[in-house]
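Everything below concerns the one structure shown next.
The values are calculated or read from the model by the stated rules, or taken from the named source; none is laboratory data. The model shown is predicted, which means the values in this text are computed figures rather than measured ones. Counting neighbours? That spans all protein chains shown, and the Cβs are built from the backbone with ideal geometry, glycine included. We work out accessible area using only protein heavy atoms, side chains counted, and drop any ligands, DNA or RNA first. Shrake-Rupley method; radii C 1.70, N 1.55, O 1.52, S 1.80 Å.
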Amino acid sequence: MKRMMMTATGTLVMLVAAGSLLAHHALGGYDTTTAVRVRGTVVVFQRVNPHSHLVVDEKAKDGKIHRWVVDGPNALQLTRRNFAKDALKAGDTVEVCGYVPRSGTESQRTIFMEPPDLHLKSPAQVSISGQIMDGEVLVMPDGQKQVWSDYGHHKCLGPDYVDIHSPGVHP
């Protein structure tokens, strides 16, 4: 009886954890009806888990800077894609296409820097805040397009893009 209770408890814990992982990786809190495109300068790139963070400063027509914190693939996914650790450097110009949070949900994110990432203007600055975006496509400084995250919404990739999430495609 004790063994059966332990097994049932273990199963319940795994199911709850799996549910929270699915919720974490879903785009339910994002407006996936409209893709947002941002072109700007890389401030910092963090190759961390559970998501990498790409901070981009976009200069508006009026000269004001709008800061974005773009969620991307985790460190293991980047390694599997052979994405070099130094592929994105402060000062690089990139374009990101993705989705912003729905109104009424968290729209700002603050990331904290580890000492090696403190190549910002002030060594005392250990955090950065900006508008959240879930990046789907990243256009690298050399113009190469990278699928940055793939949760089944493909407004950034164009009508010809087909993967396992596309209608009629079964893995």
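Brief remarks follow.
- Residue ID - surrounded by the fewest Cβ atoms within 10 Å (Cβ to Cβ), chosen from residues in segment 46-80 that are among the basic types (Lys, Arg) and touching a residue at least 24 places away in the same chain (Cβ under 8 Å): 67
- One residue stands out in segment 132-148 among those that are within 16 Å of residue 27 (Cβ to Cβ) and either without any contact (Cβ under 8 Å) to a residue 40 or more places away in the chain or in a loop (DSSP other than H, G, I, E, B) (or both): the one that is least open to solvent (accessible area, probe 1.4 Å), namely 148.
Residues checked against (1) modelled with pLDDT of 65 or more; (2) more than 24 Å from residue 66 (Cα to Cα); (3) open to solvent by less than 20 Å² (accessible area, probe 1.4 Å); (4) under 19 Å from the mean Cα position of the chain (by Cα):
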position: 115; (1), (2), (3), (4): no, yes, no, no
position: 118; (1), (2), (3), (4): no, no, no, no
position: 122; (1), (2), (3), (4): no, no, no, no
position: 127; (1), (2), (3), (4): yes, no, no, yes
position: 130; (1), (2), (3), (4): yes, no, yes, yes
position: 150; (1), (2), (3), (4): yes, yes, no, yes
position: 159; (1), (2), (3), (4): yes, yes, no, no
position: 162; (1), (2), (3), (4): yes, yes, no, no
position: 168; (1), (2), (3), (4): yes, yes, no, no
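- Any hit, segment 86-97, residues being without any contact (Cβ under 8 Å) to a residue 40 or more places away in the chain and not charged (D, E, K, R): no
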